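Let me begin by presenting the structure, written as structure tokens, before commenting on it.
The values are calculated or read from the model by the stated rules, or taken from the named source; none is laboratory data. Computed from a predicted model, the values in this text were never measured in an experiment. Glycine also receives a Cβ, built like all others from the backbone with ideal geometry; neighbour counts cover every protein chain displayed. Remember, those area values only see protein heavy atoms, side chains included, never the ligands or the DNA or RNA. Shrake-Rupley method; radii C 1.70, N 1.55, O 1.52, S 1.80 Å.
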Amino acid sequence: MPSTIEKVHQDYRDRGLVVLPISIEEGPRKVGAWAQNQRLTMPLLLDPEGDVSRAYRITATPTVFLISRDGTLIAKALGTKPWTSEPGRALLQRLLRK
């Protein structure tokens, strides 16, 4: 998953896609070491107390929220998805055109 989401970040950031992964219930030291090991270049947010998870009713990980430029929730995806596959890329490109 990290390599897939990092690939999406790398491929689409110049087109306006913002990827904000949130680490659930882990502290900054552990998450920082993990992110460095994974060579992540995107910002990584922390939710060590689970407040965001509760507020957004996260029931599975990963959970992906697709939010439009105006802040409207477009879609929610539970579990690992093939974002770098041909259909996944087609969806992202279609959403970025809007």
TODO: Considering each of Leu95, Leu91, Leu46, Leu73 in turn, give the residue that is of a type outside the set (S, T, N, Q) and touching a helix residue (DSSP H, G or I) at 6+ places or on another chain (Cβ under 9 Å).
DONE: Leu46
- [ ] For residues that are open to solvent by 70 Å² or more (accessible area, probe 1.4 Å), out of contact with any helix residue (DSSP H, G or I) (no Cβ under 7 Å at 6 or more places or on another chain) and not in a helix (DSSP H, G or I), tally how many sit in the stretch 22-40.
- [x] 2
TODO: Within the stretch 52-66, count every residue that is surrounded by 10 or more Cβ atoms within 10 Å (Cβ to Cβ) and either of a type in the set (A, V, I, L, M, F, W, C) or assigned to a helix (DSSP H, G or I) (or both).
DONE: 7
Task: Unmet criterion (only one of (1) of a type outside the set (Phe, Trp, Tyr); (2) closer than 19 Å to Arg97 by Cβ; (3) outside any strand (DSSP E or B); (4) in contact with a strand residue (DSSP E or B) (Cβ under 8 Å, 6 or more places away or on another chain)) for Ile74 - done: (3)
Task: Number of positions in the stretch 33-68 that are farther than 26 Å from Leu95 by Cβ, among the hydrophobic types (A, V, I, L, M, F, W, C) and in contact with a Gly (Cβ under 8 Å, 6 or more places away or on another chain) - done: 1
Open item on the list: I need the full set of residues from the stretch 1-32 which are farther than 18 Å from Leu78 by Cα and in contact with a His (Cβ under 8 Å, 6 or more places away or on another chain), in order please.
Closed with: Leu17
Open item on the list: Can you find a residue that is aliphatic (A, V, I, L, M) and buried (at least 16 other Cβ atoms within 10 Å of the Cβ) anywhere in the stretch 67-87?
Closed with: no
